[in-house]
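Reading through the structure tokens given below for one structure.
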Amino acid sequence: MAKFHSWAAQGPKQKLTHFEFDPGPIGVEEVEIAVEHSGLCHSDLSVLNNEWGISHYPFIPGHEVIGKVVAVGEQAKGVKVGDHVGVGWTAASCMHCYLCLSGEQHLCRTAQPTIIGHAGGFADRVRAHWAWTIPLPAALDATTAGPLLCGGITVFNPFELYSISPTARVGILGIGGLGHMALKFANAWGCDVTAFTSSESKYDEAKSLGAHHVVSSRDVKSIKSIAGSLDLLIITANVPLEWGALIATLAPKGRMHVVGAIPAPIPVQAFDLIGSEREISASPTGSPVDIAKMLDFAARHNIAPQVERFPMSQVNEAFAHLDSGKARYRIILDADFK
Ligand SMILES: NC(=O)c1ccc[n+]([C@@H]2O[C@H](COP(=O)([O-])OP(=O)(O)OC[C@H]3O[C@@H](n4cnc5c(N)ncnc54)[C@H](OP(=O)(O)O)[C@@H]3O)[C@@H](O)[C@H]2O)c1
Ligand SMILES: [Zn+2]
Ligand SMILES: [Zn+2]
């Protein structure tokens, strides 16, 4: 059995080093992919540092994977050797629970995350269940599509989930990997788009990415200046924020939707919701069909992440760059195993 070559951390906050392992025989419903490119999501950094207490080591990051199918298990369906595919946060789900049978496989209680107790995409090969191996539309550029598989679907799904109208006013808070793709999606959806950023250097860029207006995400006065206006506010930052002022930006029936992994409770005054029928919600990524629809939408509207590239062998430099907050806007690692 040929070994897989990867970059792995042996414990929390450790540097990644070259790591070889025997993957064992391919599962009957599994697909094996030769990795070409793999995006670096902030969740990879949080799992590396065991911030959520769920990490397994050796930890092989990478859950925005693009590559070519090189082998399929005997009962794998829908993809064949040579296909260009992507794999995101989820590598497998049970396929027989109510959620899986209802097409909500991303909510499956036993879904297998690609990077938790499973070898991720910072490797020469990665495996996933056939249903989670998403064919890439030919019109998408495979060299930049990776980040759509996690970050992209996470910020696209709320538009589908809540049937957001093109007449809606939408705010995107945190213009990083997820947030910059959210600006592009919200603009292409037809919405009036407000970017909330804590980085003054992103004000002009946010407009070139699709924002019509830009507001400081840390300055209560600027946040209050748009009170009562937003139908949807997507929170992609992973830090505590000015929650009272942010909830007050929502229009009647408006929704604040959290996708960033904020490590502290979000305080909410019931009266800030009651009188205006406002809602607060959250969601993880999306189902395989949601991902396929999002890729189709991205191809049709020419939406691609704005990326910085590193060879995979510089994975530690790439993590440091993400951690410094300087990534513009998503890092992609290109596989360079010899
Ligand atoms: N729900 C899901 O399924 C899902 C999927 C993928 C990722 N995530 C989570 O989503 C979060 C964002 O991921 P990402 O890859 O987009 O991360 P990222 O590229 O690091 O972007 C995060 C952005 O948050 C903002 N931010 C950071 N520190 C801040 C502070 N002190 N005050 C205000 N804003 C701050 C920054 O935007 P500005 O510079 O514009 O302020 C930063 O660019 C992470 O927690 C990640 O784990 C969740
Ligand atoms: Zn992710
Ligand atoms: Zn299931």
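Here are the numbers:
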item: Scan of the stretch 269-313 for residues that are among the polar types (S, T, N, Q) and open to solvent by 40 Å² or more (accessible area, probe 1.4 Å), ordered by number; result: GLN269, ASN302, GLN306, SER313
item: Which numbered condition THR249 misses (of (1) open to solvent by 20 Å² or more (accessible area, probe 1.4 Å); (2) farther than 27 Å from SER43 by Cα; (3) not aliphatic (A, V, I, L, M)); result: (1)
item: Residues that are among the hydrophobic types (A, V, I, L, M, F, W, C), within 8 Å of ligand 1 (Cβ to nearest atom) and touching a Lys or Arg at 6+ places or on another chain (Cβ under 8 Å), drawn from the stretch 173-207; result: ILE175, ALA195
item: Tally, over the stretch 28-44, of residues that are open to solvent by 10 Å² or more (accessible area, probe 1.4 Å), outside any strand (DSSP E or B) and more than 16 Å from ligand 3 (Cβ to nearest atom); result: 3
item: Breaking point among (1) surrounded by fewer than 20 Cβ atoms within 10 Å (Cβ to Cβ); (2) touching a strand residue (DSSP E or B) at 6+ places or on another chain (Cβ under 9 Å), for PRO240; result: (2)
item: Search result, residues across the stretch 269-303 that are under 21 Å from VAL259 (Cα atoms), of a type in the set (S, T, N, Q) and more than 16 Å from ligand 2 (Cβ to nearest atom); result: GLN269, SER281
item: Members of the stretch 103-152 found to be open to solvent by 10 Å² or more (accessible area, probe 1.4 Å) and of a type in the set (S, T, N, Q), listed by number; result: GLN105, THR110, GLN112, THR143, THR144
item: Tally, over the stretch 153-178, of residues that are closer than 22 Å to LEU45 by Cβ, open to solvent by 20 Å² or more (accessible area, probe 1.4 Å) and either of a type in the set (Ser, Thr, Tyr) or not in a loop (DSSP other than H, G, I, E, B) (or both); result: 1
item: Residue in the stretch 86-93 that is under 21 Å from ALA335 (Cα atoms), surrounded by fewer than 19 Cβ atoms within 10 Å (Cβ to Cβ) and aromatic (Phe, Trp, Tyr) present; result: no
item: Extreme residue, surrounded by the most Cβ atoms within 10 Å (Cβ to Cβ), among residues of the stretch 56-66 that are away from ligand 1 (no atom under 13 Å from the Cβ) and over 11 Å from CYS150 (Cβ atoms); result: ILE66
item: Among (1) touching a strand residue (DSSP E or B) at 6+ places or on another chain (Cβ under 6 Å); (2) within 16 Å of ligand 3 (Cβ to nearest atom) - the single one PRO23 does not satisfy; result: (2)
item: Looking only at the stretch 189-235, and only at residues there that are surrounded by fewer than 19 Cβ atoms within 10 Å (Cβ to Cβ) and of a type in the set (D, E, K, R), the one that is farthest from ligand 3 (Cβ to nearest atom); result: LYS221
item: Answer residue from the stretch 318-337, given it is in contact with a strand residue (DSSP E or B) (Cβ under 7 Å, 6 or more places away or on another chain) and in a loop (DSSP other than H, G, I, E, B) and is nearest to GLY120 (Cα to Cα) among those; result: ALA335
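For every residue, the table says whether it meets (1) at pLDDT 95 or above; (2) hydrophobic (A, V, I, L, M, F, W, C); (3) over 23 Å from SER287 (Cβ atoms).
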| residue | (1), (2), (3) |
| --- | --- |
| THR110 | yes, no, no |
| ILE115 | yes, yes, no |
| ALA123 | yes, yes, yes |
| TRP132 | yes, yes, no |
| LEU136 | yes, yes, no |
| ALA145 | yes, yes, no |
| ILE172 | yes, yes, no |
| LYS184 | yes, no, no |
| GLU205 | yes, no, yes |
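Listed here are the residues, each with its yes/no results for (1) among the aliphatic types (A, V, I, L, M); (2) within 20 Å of ASP22 (Cβ to Cβ).
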| site | (1), (2) |
| --- | --- |
| GLU64 | no, no |
| VAL69 | yes, no |
| VAL72 | yes, yes |
| LEU101 | yes, no |
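The values are calculated or read from the model by the stated rules, or taken from the named source; none is laboratory data. Just so it is clear, the model here is predicted, and its values are computed rather than measured. In this analysis, Cβ positions are derived from the backbone assuming ideal geometry, glycine residues included, and neighbour counts consider all displayed protein chains. Heavy atoms of the whole protein, side chains included, go into the accessibility calculation; ligands, DNA and RNA do not. Shrake-Rupley method; radii C 1.70, N 1.55, O 1.52, S 1.80 Å.
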